[in-house]
Amino acid sequence: MQKKAAELERMAEVLVTGEQLRLRLHEARMIKDRRHHLRTYPNCFLGKEIIDWLIEHKEATDRDTAIKIMQKLLDHSIIHHVCDEHKEFKDMKLFFRFRKDDGTFALDSEAKVFMRGQRIYEKLMNTENNLLQTRAEEGVMYERTLVASEFIDWLLQEGEMPYRDESEQLGRRLLEHGIIQHVSNKHHFVDGGLLYQFRMNFRRRRRLIELLNERCRSIPENHDSPFCLRKQGSEGGNTSFLSVSPTKEIKVVSAVRRSSMSSSCGSSGYYSSSPTLSSSPPVLCNPKSVLKRQVSPEELQTPGGPYIKKTFTIVGDAVGWGFVVRGSKPCHIQAVDPGGPAAAAGMN
């Protein structure tokens, strides 16, 4: 059973990573209609060009690694040669295409659960509702929780499911596939007043190199997220991220949505928003924190001080910006995702 769960989690990571890459390539206009021998092939990309792009965007260190990454997507039928004449990805001027772009992406029952979970996740995040709130269960406060019965009401209202019993079955499948979980992991999904959280963060920027790591992670986000959502003590009432530094000191960090903007910044670090919703101990493998203590507005504005004001124009990708802002009047940059748009624009 545990092995099956690990396989499902691995498949989910490949599906989500592949979809994020597809959106990024569309945004970069790497995917477009191309002609060869008087025939037009819609929505395709060149094998050689994508290898160049992966190296340029630091998704791969060399061409061999980039080929292995794309081969992984081909093996999982996320991409294919436009004429299905090549079963191996080649660093050549060959046309490849995402199956989702030509309607040939065959979803099995397991993949459909993840695609449905991703759609529900995005719909919840993009619409104004009061479903996700900080709530208490058994005297412990948990962030971004769903009440099972309210979640089912929402599924019916949004037309996601036609009947209440089918909605409950969907909730059970989402839990069995590791997409949601009971806040203390004690119960399966049931239509009632129990609290559940999303265990998988579909918006986390997946590094493509992760596709080559065959060992599934027992707890999502552990390897690369210094900002993990944790359960709060009963005295905590706000909805904020908890940042765990290498010194085990806990700080409260505001959550910032990633998008396109111009920003003035003063310092940098590492960012990856990830709702790890288990009650496991905090991860202590964070990169070195840029800010060792709270910084006052006066310190930021002191002439000749250690903090530099610069202006960057950041064009967000399909995931967002890639940095965390703290403070006010003036605000400053707390952390930067080294693989995100902010870092690419020179914020480091």
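The values are calculated or read from the model by the stated rules, or taken from the named source; none is laboratory data. Note that this is a predicted model, so its numbers are computed, not measured. Note that we place each Cβ from the backbone using ideal geometry, even for glycine, and neighbour counts take in every protein chain shown. These area figures cover heavy atoms from the full protein model, side chains too; ligands, DNA and RNA do not enter into them. Shrake-Rupley method; radii C 1.70, N 1.55, O 1.52, S 1.80 Å.
Quick notes on this structure:
- Checking every one of the chymotrypsin sites (Phe, Trp or Tyr not before Pro) in segment 69-170 against DSSP loop status and a limit of 12 other Cβ atoms within 10 Å picks out Tyr163.
- About its Cα centre, the dipole of segment 1-98 is roughly 260 debye, where the only charges are +1 on Lys and Arg Cβ and -1 on Asp and Glu Cβ.
- Between Val140 and Cys331, the modelled label-to-label distance comes to 3.3 nm, taking each label 7 Å out from Cα in the direction of the beta carbon.
- Here segment 1-98 is described by how far its Cα atoms reach on the three principal axes: 52, 27, 24 Å, from widest to narrowest.
- Note on surface exposure: Arg144, Arg204, Arg119, Arg135 rank Arg119, Arg144, Arg135, Arg204 by accessible area, highest first, 1.4 Å probe.
- Accessible area of segment 109-205 divided out per residue, in Å², using a probe of 1.4 angstrom: 45
- Dimensions (Å) - segment 109-205, Cα atoms, principal axes, largest first: 37, 34, 27
- Cα centre as origin, Lys/Arg/Asp/Glu Cβ charges: segment 53-168 dipole, Debye: 520
- The value of relative contact order for segment 1-98, using C-alpha pairs under 8 Å at least six residues apart, is 27 percent.
- Rounded percent of accessible protein surface that carbon and sulfur make up, segment 18-142, 1.4 Å probe: 48
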